[in-house]
Amino acid sequence: MTLLGIDVGGSGIKGALVDAESGEMLTERFRIPTPKPRTPEAMANVIAAIVKHFDYNGKVGCGFPTIIKKGVCKSPGNLDPSWLGVNVEELLEKKTGLDFTVINDADAAGYATMNYGVGRGKEGLVVMITIGTGLGSGAFFNGQLIPNFELGQIPYKKYKKIELWAAGSAKDREGLSYKKWGKRFNTFLEYVELIISPDLIILGGGASKDFKEFKKKIKIETPVIPAQLENHAGIIGAAVASLHKAPKV
């Protein structure tokens, strides 16, 4: 079965067709910059344009960069405040006429990694950290998804949430080297280790492909490895999640 997966990010919205059985992307990903401001109507129009690009008419899975509960946005995250309380699934279904399943983007990336990537068969508490505009996190215990595990929201010093200081966007915004940013990211991982004591941390998102550039700055005891699917995991996981309104591994 061929499914469309869409990964919504703070800087770009990407989509691709995915083979549901193998988890492989069947097309090159198609990317449109995230509109500014990041309002519901503007972003829904971009997502509709991605659907149209693939001339697709089926179920769609969408990874969304904030807390999603039963299709409803429970926090605007790094998006426009007007997203709060919006039923994202209903909005996108009205815009496209297609059946949408919307889940947290880090949950989608983790879902792909646990089914088709380095997390497959891993037991215990496994956390997927997606590094991008924010710091998304998807948690799995013995393969079962724990939804909306938003560790990037931890307050840190003067920052309302630590992702404002340690996400990939902070590195780009402040022009930090991987050495300097890696120290910040390690601080974030120290909090993750202290609070939940995971058995394994898997890194996804755009910066995961450059893991070797900051690997030496990671000092925590918990094993930390990059996701083989890199920044395609969100698309793949979202696509497959469209088969299940409540995705299960």
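Could you state the accessible area per residue of the chain in Å², with a 1.4 Å probe and every protein chain left in place? I get 45 Å² per residue for this part.
Distance cut-off 21 Å, Cα to Cα: go down the list LYS36/LYS183; LYS158/LYS215; LYS158/LYS216; LYS36/LYS59; LYS74/LYS160; LYS161/LYS183 and report the pairs above it. As for pairs spanning more than 21 Å Cα to Cα, those are LYS36/LYS183; LYS158/LYS215; LYS158/LYS216; LYS36/LYS59. Add +1 for every Lys or Arg and -1 for every Asp or Glu among the other residues with Cβ under 10 Å from the Cβ of LEU176, and state the total. Surrounding charge for LEU176 is +4. Each label was represented as a point 7 Å from its Cα along the Cα-to-Cβ direction; for MET1 and GLN228 these points are 2.4 nm apart. The Stokes-Einstein estimate for segment 160-227, based on a Kirkwood radius over Cα pairs and taken at 25 °C with 0.890 mPa s viscosity, is a diffusion coefficient of 201 µm²/s. Stretched out fully, how many nm does the piece from LEU84 to GLU174 gain, at 0.36 nm a residue minus the Cα gap? Extra length from LEU84 to GLU174 when fully extended: 29.5 nm. Considering only the other residues whose Cβ falls under 12 Å of the Cβ of GLU90, what net charge follows from Lys and Arg at +1 and Asp and Glu at -1? Every neighbour counted, the sum reads 0. Rounded to the nearest 20, the Cβ-based charge dipole of segment 118-249 about its Cα centre (Lys and Arg +1, Asp and Glu -1) stands at 400 debye. Rounded to the nearest 20, the size of the Cβ-charge dipole of the chain about its Cα centre is 920 debye, with Lys and Arg at +1 and Asp and Glu at -1. Each other residue within a Cβ distance under 10 Å of VAL127 adds +1 if Lys or Arg and -1 if Asp or Glu, for a net charge of -2.
Projecting the Cα atoms of LEU200, LEU135, LEU145 onto the charge dipole of segment 115-249 (Cβ charges, centred on the Cα centre) puts LEU135 farthest toward the positive pole. Computed extension gain for THR187 through LYS160, at 0.36 nm per residue and net of the alpha carbon distance, reaches 8.1 nm. Protein heavy-atom surface of the chain, 1.4 angstrom probe: 51% of the accessible area is carbon and sulfur, with nucleic acids and ligands not counted. For segment 16-88, GluC sites (Glu not before Pro) are listed when DSSP marks them as loop and at most 14 other Cβ atoms sit within 10 Å of their Cβ; the list is GLU21, GLU24, GLU28.
Each stretch of four or more DSSP H residues adds -39500 (n - 2.57); spread over every residue of the chain, this sum gives -9000 deg cm²/dmol at 222 nm.
The values are calculated or read from the model by the stated rules, or taken from the named source; none is laboratory data. As the structure is a computational prediction, the values presented were derived from the model and not from experiment. When we count neighbours, we look across all protein chains shown, and the Cβ atoms used for this are built from the backbone with ideal geometry, even at glycine. For the accessible areas, the whole protein counts, side chains as well, though only heavy atoms, and no ligand, DNA or RNA atoms are used. Shrake-Rupley method; radii C 1.70, N 1.55, O 1.52, S 1.80 Å.
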